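Student: Structure incoming, see below.
Taken together, the values in this text are just the output of simple stated rules run on the coordinates, not laboratory data. Just so it is clear, the structure is predicted and the values come from calculations on it, not from any experiment. Here the Cβ positions follow ideal geometry from the backbone for every residue, glycine too, while neighbour counts run over all protein chains shown.
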Amino acid sequence: MEHNTRFKLHNELHMGPCELLEAPTQVSHLALLVSDDEARHEYRMITQLCEHYSVTPPREDVTHFTVDLGTFRFKWERHSEFSNYTFFIDSPFDVPFAENAIEHVPSSWLEKLPGEVIAATHIALESNQRPHRNLDELAHFFTANTLMGAKVAAGSALVWTDNKIHADGFGRILIHDVDLRARQAGRMVQRLIEIETYRMLAMRPVAIARKYIPVLASFDERLADLTSNNNQLDSLEDERKLLDDITQLAAEIERISAQTTSRFNASLAYHHIVKQRVTRLRENRIQGLQMFHEFMDQRLTGLIQTCSSVQKHLETLSNHVSRASSLLRTRVEISMEAQSRDLLQSMDNRVKLQLRLQETVEGLSIVVLSYYLIGIVAYGLKGLKSAGIPINVELSTGIAIPIVIGAVFFGMRRLKKSLGH
């Protein structure tokens, strides 16, 4: 029994194969940031282009598509957050970038493409039949003072670029074929396109990182002030107020972290892809020119490190605030425990005082009750004497006093014990 995703997973390895390219060829590439909602419109646009040239459109569930439309070839790839549109024309040219592949695409269709352009590049692959161009010739196609280039693929090609966006909104890369096979040329163009695209994607959060650098510096100062105030607290109310301030700071840090972490992680992943693709160019120096890996190390790596440092700063701040909050919470708990202890001690003192008052009242109650009982006994004895019974009232009353007091005392104790049970 076949696993239901076996063929789909296997085909992932063969998605978006490199084109077979023979010099001279011109390539125009667009990378557009596309949302999920725009992706549905994107499929309709591709179908519309295919119908315009009377070719079969792709299925709606595919993520890559290549087709020959006669005047140009078209390649589309859908990635997680962007889409690639690449156009190829195979025709000789004398002046690179004078007529680009994208000029053969209907402009009305291009204007309606969904998404935002993040990278746009023209690539000219010229034949080895042409003599090598010198720097003066290259200056006509590029900004001469920023020109960079290298021998690539073990000397099988020469590549030049200026990493500038020209008046038409596109960057430019010129490849001189020395000894490239068709598939090798396709891989070379693909790598250069990916370097340009992923370089721009890697740089997306740089502006965000720079925006938060002064914010995090202010957070450092706030945390330092709050921490120093920890030793100047006089009351539990002050401690609670300080804890509220630290909790608010922690919430602000976590909000920024939630907004930036995924973007910074994506930037690091894209930067890794750029370095990998540059390494696979297998560069050798052209005298007097900066190579691709030197440019990326000097410019791009520094920008990515800015993002990385902001991310680490956020993590460090979060840890420091967490520790400060934990220490203050411990202090608040100790203060509350001390208050509870004092309260219990005060309650214990009040209970002891109440017990003493109760004992005093009990003593007075015995005296009062005994007094009234002795009075009743005295009245009884007087009544008996009046009835003619010979009784010494005073003597009998005196004898009754300890008996009554004892009876009342033991009666009260018995009553107290029975109530205690």
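Student: Determine the pairs where a residue that is over 16 Å from Val34 (Cβ atoms), located within the stretch 70-82, has a partner that is among the hydrophobic types (A, V, I, L, M, F, W, C) and part of a loop (DSSP other than H, G, I, E, B) with Cβ atoms under 9 Å apart, the partner being 6 or more residues away or on another chain.
Tutor: Gly70/Val55; Thr71/Val105; Phe72/Val105; Phe74/Val105
Student: Looking at the stretch 137-184, which of its residues are hydroxyl-bearing (Ser, Thr, Tyr) and either in contact with a His (Cβ under 9 Å, 6 or more places away or on another chain) or surrounded by 14 or more Cβ atoms within 10 Å (Cβ to Cβ) (or both)?
Tutor: Thr143, Ser156, Thr161 - these are the residues of the stretch 137-184 that are hydroxyl-bearing (Ser, Thr, Tyr) and either in contact with a His (Cβ under 9 Å, 6 or more places away or on another chain) or surrounded by 14 or more Cβ atoms within 10 Å (Cβ to Cβ) (or both).
Student: Can you tell me which of Glu137, Glu126 is closer than 15 Å to Ala185 by Cβ and charged (D, E, K, R)?
Tutor: Answer to the selection: Glu126.
Student: If you check every pair at least six apart or on different chains, which have Cβ atoms under 8 Å apart with a residue in the stretch 376-392 that is at negative phi first and a residue that is of a type in the set (D, E, K, R) and part of a helix (DSSP H, G or I) second?
Tutor: Filtered contacts from the stretch 376-392: Ile391/Lys385.
Student: Let me ask something else. So which residues in the stretch 249-293 are within 17 Å of Leu201 (Cα to Cα), without any contact (Cβ under 8 Å) to a residue 60 or more places away in the chain and among the basic types (Lys, Arg)?
Tutor: Scanning the stretch 249-293 gives Arg263, Lys275.
Student: Restricting the first residue to the stretch 17-41 and requiring it to be without any contact (Cβ under 8 Å) to a residue 12 or more places away in the chain, which pairs with a second residue that is surrounded by 14 or more Cβ atoms within 10 Å (Cβ to Cβ) and in a loop (DSSP other than H, G, I, E, B) meet a Cβ separation below 6 Å and a spacing of at least six or different chains?
Tutor: Pairs that qualify, where the first residue is without any contact (Cβ under 8 Å) to a residue 12 or more places away in the chain and the partner is surrounded by 14 or more Cβ atoms within 10 Å (Cβ to Cβ) and in a loop (DSSP other than H, G, I, E, B): there are none.
Student: Give me a count of the residues in the stretch 83-136 that are assigned to a strand (DSSP E or B) and either more than 46 Å from the chain's Cα centre (by Cα) or buried (at least 16 other Cβ atoms within 10 Å of the Cβ) (or both).
Tutor: Count: 16.
Student: If you don't mind, another one. Can you name the residue in the stretch 53-82 that is aromatic (Phe, Trp, Tyr) and in a loop (DSSP other than H, G, I, E, B) and, of all such residues, is nearest to Leu125 (Cα to Cα)?
Tutor: For the stretch 53-82, the residue satisfying everything is Phe72.
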